[in-house]
């Protein structure tokens, strides 16, 4: 499957490489092709291959010439590229409950089928996704490889940041023990400088998204999130954001919006159904819907402490805990005001909460999500029960039909004044 991924991204890159208006896409797909190729070639190049999960400190890997491997990225894109039924059934036959998160169930199926590359070790974190942590422990046992889980604090005060920075040091100790290499802190500072630059660019992208008829699309932000997760600290990530922002500013000057004929500005909480890759286009073309707010945009406050130079481990700790989505691992009261504020600034007309039964995070907080926008701002909210990866639970046509009903209801209420 890793080889299929590398090949598919190489083909997409060929479509964009000579398009002067889509150079950020060319950088993005070339990066992903190289990312998966590096995983395949790690054994040949005698580089350690380290698996991590969401919000893993990927800068530590790059600083030590360890090939990073975010396996759950394969779960996010897999349902659109191949039939995943075999992998779901393997996981359930292994004893995984049908209600377990389909992202993680798919990962387990990949592992049981020996369809993905075995890493040398796993460095994970317990931020946000409890299912991911359990999957990593199962993977380490199945593959018989060492693992270390970085323990994230529940709060976000300065003492918590210091604690998490200490956990980063333990992560470095683990990586040094597994590879026999020492951390190059000068190189790590170079990486965190670039990470900070990318986060500043991403913040600019998020702010531009709030504009009426914004040229920033949901896909732009999703790809930016990928670059922050997979390529933090790399020159390629910096190049991607610089080219993307240049394209966005050009489109803004030319009056080009992400959704032509925008009718509804929507907040979408939760992942999109991974088995329906064209749903964003369908929302735009059929209903004039522009997703202008989502989990990617819940950034914490800007980090201007200078730690990216003076204390890179503490910077990585602070940056990670303020990462969109990762913030939901802490007190919801710390982010609820931001949700209300950003919803108001983004001038959203409606809120959609797409939940998957196995996702205890989104399913568990959907009411307080709704309260943050409906109770405080009077914005209508639609809770759509579905699944992120398994189209046997709910199909793409069923998802679209339910959304169309909601949009029709909004139009009816609007016509009634």
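Criterion first (closer than 30 Å to residue 300 by Cβ, touching a strand residue (DSSP E or B) at 6+ places or on another chain (Cβ under 7 Å), assigned by TED's automatic domain parsing to the domain that holds residue 37 and at pLDDT 95 or above) does residue 122 satisfy it? Give the steps one after another, and end with the answer.
Details: closer than 30 Å to residue 300 by Cβ: yes; touching a strand residue (DSSP E or B) at 6+ places or on another chain (Cβ under 7 Å): yes; assigned by TED's automatic domain parsing to the domain that holds residue 37: yes; at pLDDT 95 or above: yes.
When the stated conditions are applied, residue 122 passes them.
Consider residue 159 against the criteria (1) in the same structural domain as residue 306 (by TED's automatic domain parsing); (2) surrounded by fewer than 21 Cβ atoms within 10 Å (Cβ to Cβ); (3) farther than 30 Å from residue 138 by Cα: it satisfies all of them except one. Which criterion is unmet?
The single condition residue 159 does not satisfy is (1).
For every residue, the table says whether it meets (1) in the same structural domain as residue 129 (by TED's automatic domain parsing); (2) under 19 Å from residue 266 (Cα atoms); (3) surrounded by 14 or more Cβ atoms within 10 Å (Cβ to Cβ); (4) modelled with pLDDT under 90.
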{"site": "343", "(1), (2), (3), (4)": "no, yes, yes, no"}
{"site": "366", "(1), (2), (3), (4)": "no, yes, yes, yes"}
{"site": "372", "(1), (2), (3), (4)": "no, yes, yes, yes"}
{"site": "383", "(1), (2), (3), (4)": "no, yes, yes, no"}
{"site": "387", "(1), (2), (3), (4)": "no, no, yes, no"}
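For the range 83-102, which positions are part of a helix (DSSP H, G or I) and either more than 24 Å from the chain's Cα centre (by Cα) or closer than 21 Å to residue 69 by Cβ (or both)?
As a first pass, look at the range 83-102 and keep what is part of a helix (DSSP H, G or I): 85-94, 102.
Correct list: 86, 87, 89, 90, 91, 92, 93, 94, 102.
Could we say that residue 61 is buried (at least 21 other Cβ atoms within 10 Å of the Cβ), touching a strand residue (DSSP E or B) at 6+ places or on another chain (Cβ under 7 Å) and not in a helix (DSSP H, G or I) here? Before you say what the answer is, go through the steps one by one.
Numbers: buried (at least 21 other Cβ atoms within 10 Å of the Cβ): yes; touching a strand residue (DSSP E or B) at 6+ places or on another chain (Cβ under 7 Å): yes; not in a helix (DSSP H, G or I): no.
No.
Quick test for you: out of 194, 210, pick the one residue that is within 22 Å of the chain's Cα centre (by Cα), assigned to a loop (DSSP other than H, G, I, E, B), touching a residue at least 24 places away in the same chain (Cβ under 8 Å) and outside the structural domain of residue 68 (by TED's automatic domain parsing). Lay out the reasoning, then the answer.
Working: 194 fails: assigned to a loop (DSSP other than H, G, I, E, B).
Checking each option against the conditions leaves just 210.
Any residue in the range 44-56 that is modelled with pLDDT of 95 or more and assigned to a helix (DSSP H, G or I)?
Among the residues of the range 44-56, not one is modelled with pLDDT of 95 or more and assigned to a helix (DSSP H, G or I), which makes the answer no.
Being outside any helix (DSSP H, G or I) and touching a helix residue (DSSP H, G or I) at 6+ places or on another chain (Cβ under 9 Å) is the filter; apply it to the range 20-34 and report the residue that is farthest from residue 73 (Cα to Cα).
Of all residues in the range 20-34, those outside any helix (DSSP H, G or I) come to 20-22.
Subset that is touching a helix residue (DSSP H, G or I) at 6+ places or on another chain (Cβ under 9 Å): 21-22.
Values: 21: 27, 22: 23 Å.
Top of the filtered list is 21.
If residue 218 satisfies every condition in (1) in the same structural domain as residue 248 (by TED's automatic domain parsing); (2) surrounded by fewer than 21 Cβ atoms within 10 Å (Cβ to Cβ); (3) in contact with a strand residue (DSSP E or B) (Cβ under 7 Å, 6 or more places away or on another chain) but one, which is the exception?
That leaves (2) as the condition not met.
Go through the range 139-175 and count every residue that is in contact (Cβ under 8 Å) with a residue 24 or more places away in the chain and either part of a strand (DSSP E or B) or within 26 Å of residue 323 (Cα to Cα) (or both).
The total comes to 23.
For the range 114-121, indicate whether the set of residues that are assigned to a helix (DSSP H, G or I) and within 25 Å of residue 222 (Cβ to Cβ) is non-empty. First the steps, then the outcome.
First, the residues of the range 114-121 that are assigned to a helix (DSSP H, G or I): none.
Checking the range 114-121: not a single residue is assigned to a helix (DSSP H, G or I) and within 25 Å of residue 222 (Cβ to Cβ).
Looking at the range 347-358 only, could you name the residues that are crowded, with 22+ Cβ neighbours inside 10 Å and farther than 23 Å from residue 408 by Cβ?
Correct list: 356, 358.
Tell me, which helices (runs of 4 or more DSSP H) lie completely within the range 262-339 with 3 or more residues that are modelled with pLDDT of 95 or more, within 15 Å of residue 221 (Cβ to Cβ) and in the same structural domain as residue 208 (by TED's automatic domain parsing)? Spell out how you get there, then give the answer.
Values: elements: 279-287, 307-310, 312-321.
It comes to 279-287.
Pick from 393, 399: which is in a helix (DSSP H, G or I) and either outside the structural domain of residue 295 (by TED's automatic domain parsing) or touching a strand residue (DSSP E or B) at 6+ places or on another chain (Cβ under 8 Å) (or both)? Steps first, please.
On the way: 393 fails: in a helix (DSSP H, G or I).
Answer to the check: 399.
Quick check, is residue 99 closer than 26 Å to residue 361 by Cβ, out of contact with any strand residue (DSSP E or B) (no Cβ under 9 Å at 6 or more places or on another chain) and modelled with pLDDT under 90? Give the steps one after another, and end with the answer.
Numbers: closer than 26 Å to residue 361 by Cβ: yes; out of contact with any strand residue (DSSP E or B) (no Cβ under 9 Å at 6 or more places or on another chain): yes; modelled with pLDDT under 90: yes.
Criteria met by residue 99.
Somewhere in the range 103-110, is a residue surrounded by fewer than 18 Cβ atoms within 10 Å (Cβ to Cβ) and not in a strand (DSSP E or B)? Give the derivation first.
Of the residues in the range 103-110, the ones surrounded by fewer than 18 Cβ atoms within 10 Å (Cβ to Cβ) are none.
No, the conditions are met nowhere in the range 103-110.
The values are calculated or read from the model by the stated rules, or taken from the named source; none is laboratory data. Since this is a predicted model, take the numbers as computed values, not measurements. We place every Cβ from the backbone using ideal geometry, glycine too, and count neighbours over all the protein chains shown.
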